[in-house]
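The values are calculated or read from the model by the stated rules, or taken from the named source; none is laboratory data. Predicted model only: the values in this text are computed from it and were never measured. Methodologically, a virtual Cβ is constructed for each residue, glycine included, from the backbone with ideal geometry; neighbour enumeration extends over all protein chains shown.
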Amino acid sequence: MKNNTMTDTAPRSPIEQAVMRRVRRIRFLRLIFSNTTLAFAVLVLAVWGIGREVWVARVLQNAPTNIMDLPNFYVAAFRHTRLIVQVLTLSTLASLVYVARESARLVSSVIFGRFTPIG
């Protein structure tokens with residue numbers, strides 16, 4: 001005789017329904033307010049802010065064609081911008097690195113079988 005209430009098709013009690021509803025809400029909120037989601041939001045907002053502050057097409061148009069001169073050009077361009085653009089650029093880079101790292105961890109966990117889906 002099977003005594004596992006989790007797989008039975010019997011109707012759930014109101015208490016069990018309330019508890020499970022709260023568990024689902026908490027899992028959903030953890031997904032929304034995770035560090036990766038926050039980093040992605042920072043990335044999007046910082047890129048948007050850079051686009052509002054700097055005419056990116058002109059910067060790319062003024063870039064040298066010689067690939068050896070590109071690092072010096074971008075360092076000089078970074079140094080000669082306003083502080084807000086520098087902060088947004090560093091925020092973009094930091095959040096991009098974090099999102100890339102978390103994405104790589106997720107992909108490797110799926111590939112190597114350590115992934116446990118929510119729900």
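Below are the figures for this structure:
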quantity: Selection status of V110, at pLDDT below 95 and farther than 20 Å from V44 by Cβ; calculated: yes
quantity: Answer from R22, R27, R58, R52 - the residue that is within 19 Å of S91 (Cα to Cα) and of a type in the set (K, R); calculated: R52
quantity: Verdict on A18 being assigned to a helix (DSSP H, G or I), small (G, A, S) and at pLDDT 95 or above; calculated: no
quantity: Selection within region 10-33 - hydrophobic (A, V, I, L, M, F, W, C), surrounded by 11 or more Cβ atoms within 10 Å (Cβ to Cβ) and more than 30 Å from V99 (Cβ to Cβ); calculated: A18, V19, M20
quantity: Search result, residues across region 38-58 that are surrounded by 14 or more Cβ atoms within 10 Å (Cβ to Cβ) and β-branched (V, I, T); calculated: V42, V47, I50, V54
quantity: The lone exception for T36 - which of (1) closer than 23 Å to R101 by Cα; (2) at pLDDT 90 or above it fails; calculated: (2)
quantity: Among the candidates L83, L60, L88, residue that is more than 26 Å from R101 (Cα to Cα), out of contact with any Cys (no Cβ under 6 Å at 6 or more places or on another chain), at pLDDT 95 or above and not acidic (D, E); calculated: L83
quantity: Meets criteria (of a type in the set (F, W, Y) and over 18 Å from the mean Cα position of the chain (by Cα)) for F73; calculated: yes
